[in-house]
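Quick notes on the structure that follows.
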Amino acid sequence: MISSRVAPSPPSVASPTVYLRRTNLRSPPRTPAATVKYQRLRLQPIMSGGGKGLTYKDAGVDINAGTELVRRIAKMAPEIGGFGGLYEHGDGYLVAGTDGVGTKLKLAFETGIHHTIGIDLVAMSVNDIITSGAKPLFFLDYFATSKLDVDLAEKVIKGIVDGCKQSDCVLLGGETAEMPDFYANGEYDLSGFAVGSVKKDSVIDGKKNIVAGDILIGLPSSGVHSNGFSLVRRVLAKSGLSLSDQLPGNNGKPITIGEALMTPTVIYVKQVLDIISKGGVKGIAHITGGGFTDNIPRIFPDGLGAKIFTNSWEVTPVFHWLQQAGAIEDAEMRRTFNMGIGMVLAVTKDAADRILADSSVVAYRIGEVVHGEGVIFS
């Protein structure tokens, strides 16, 4: 084990109250700000019916098992489950999140694209903590491999540094672990940890504020982001194409399948915090693997649901290809991918008008809050 990489002593923090919410459990516990991986929404009919297509479970990911694990953990620690964990500190909260990039790493190994995977790592944690309105302060990383390749590790860490710059936070330190025989030759694993802060009177908590009639604003994703890659790799194998082949149906724009899939996750920090600063934001859902059907309702008070306007934005071409090549049913697409929307904000009507009128912001009115439960699509 190689010694930790740590910046000069950060100030110590003490608090009499702890609000812990486990942040990467890939299932839907109910808390003010929720995190899940593994369920997403398809917005336009690409295919329907016809034979059994690929599923996430076929690819080795059992959503129900993840849900059951969280249910059991929640019995021991009832406060878990949010996008970020809130720790009371003075007149505010420290907000912490942790995550990895899953089997997107497999594609990094196969494509040789290592310089952007660190951006994904930062994005998955900082995008979680901003759902509470927190500004990221610092980030820590964990890099593990069987035999340390210094040049490769440098590329990965550079991506982490770039992600921190995009998030306006500091890479405070990390751990490099060299564990012989534990990983395949040339492979590695990553984890990331972000901490931010928010004043008590500025915490975004949809369960306390959202009402029927509020507007749902969607911010576009850059592609698959960092969830669902076990299914992606199964689709790729079934398609007969390689990562170096051109992505079919990409509106005539040349990009390989590998480049499309390795496009870094959008870091929403500056955009979302700017929108928050102008008022009217009541709740925020980070659309990772929990998709619309799980993530959006979990920021709502009881008795409210979401009505989604299914033609209100353009589905990213990579999702059309994945569904067609894998013969994936609509419901499975909803349970796995983001379909082009990476962050959803529940806002007042005035805030929605302001956001949509701002030419510097790419955003879509994707739905509204309604009486009821869950998500309906129209």
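The values are calculated or read from the model by the stated rules, or taken from the named source; none is laboratory data. Just so it is clear, the structure is predicted and the values come from calculations on it, not from any experiment. Every residue, glycine among them, receives a Cβ derived from its backbone with ideal geometry; neighbour counts consider all protein chains shown. Protein only, heavy atoms only, side chains kept; ligands, DNA and RNA dropped before computing areas. Shrake-Rupley method; radii C 1.70, N 1.55, O 1.52, S 1.80 Å.
Pairs exceeding a 28 Å alpha-carbon distance, out of 75/207; 106/147; 57/106: none at all. In terms of overall dimensions, region 204-377 has a Cα radius of gyration and Dmax of 16.8, 50 angstrom. The Kirkwood hydrodynamic radius of region 72-195, based on inverse pair distances between different Cα atoms, is 15.3 Å.
Given charges of +1 on the Cβ of Lys and Arg and -1 on the Cβ of Asp and Glu, with all other atoms neutral, how large is the dipole of the chain about its Cα centre, in debye to the nearest 20?
On the way: 38 positive and 38 negative charges, 146 e Å.
Dipole size: approximately 700 debye.
Spatially, region 68-93 and region 148-162 are offset by 32 Å when compared through their Cα centroids. Packing order of peptides 218-227, 199-208, highest average first: 218-227, 199-208 (average count of other Cβ atoms within 10 Å over each peptide's residues). Over all alpha-carbon pairs of the chain, lay out the pair-distance distribution in 20 Å bins, whole %, shortest bin first. Calculated over all Cα pairs of the chain, the distribution is 29, 60, 10, 0 percent. Over the chain, DSSP H runs of length four or greater, each weighted -39,500 (n - 2.57), average out per residue to a 222 nm ellipticity of -8500 deg cm²/dmol.
Among 283, 252, 367, whose mean-square fluctuation peaks in a Gaussian network model of the chain (Cα, cutoff 10 Å)? It is 252. Farthest towards the positive end of the charge dipole of the chain, among the residues 318, 333, 108, is the Cα of 333, using unit charges on the Cβ of Lys, Arg, Asp and Glu.
Would you mind telling me the share, in percent, of accessible area of the chain contributed by carbon and sulfur at probe 1.4 angstrom?
On the way: 8640 of 15840 Å².
Whole-percent figure for carbon plus sulfur exposure: 55.
Which entries in the list 155/270; 200/282; 104/253 go over 19 Å, if you measure between the two C-alpha atoms of each? Beyond 19 Å: 155/270; 104/253. Accessible area per residue for region 181-275 is 43 Å², calculated with a 1.4 Å probe on protein heavy atoms, without ligands, DNA or RNA. The GNM of the chain, with springs linking C-alpha atoms under 10 angstrom apart, assigns the highest mean-square fluctuation among 112, 82, 100 to 112.
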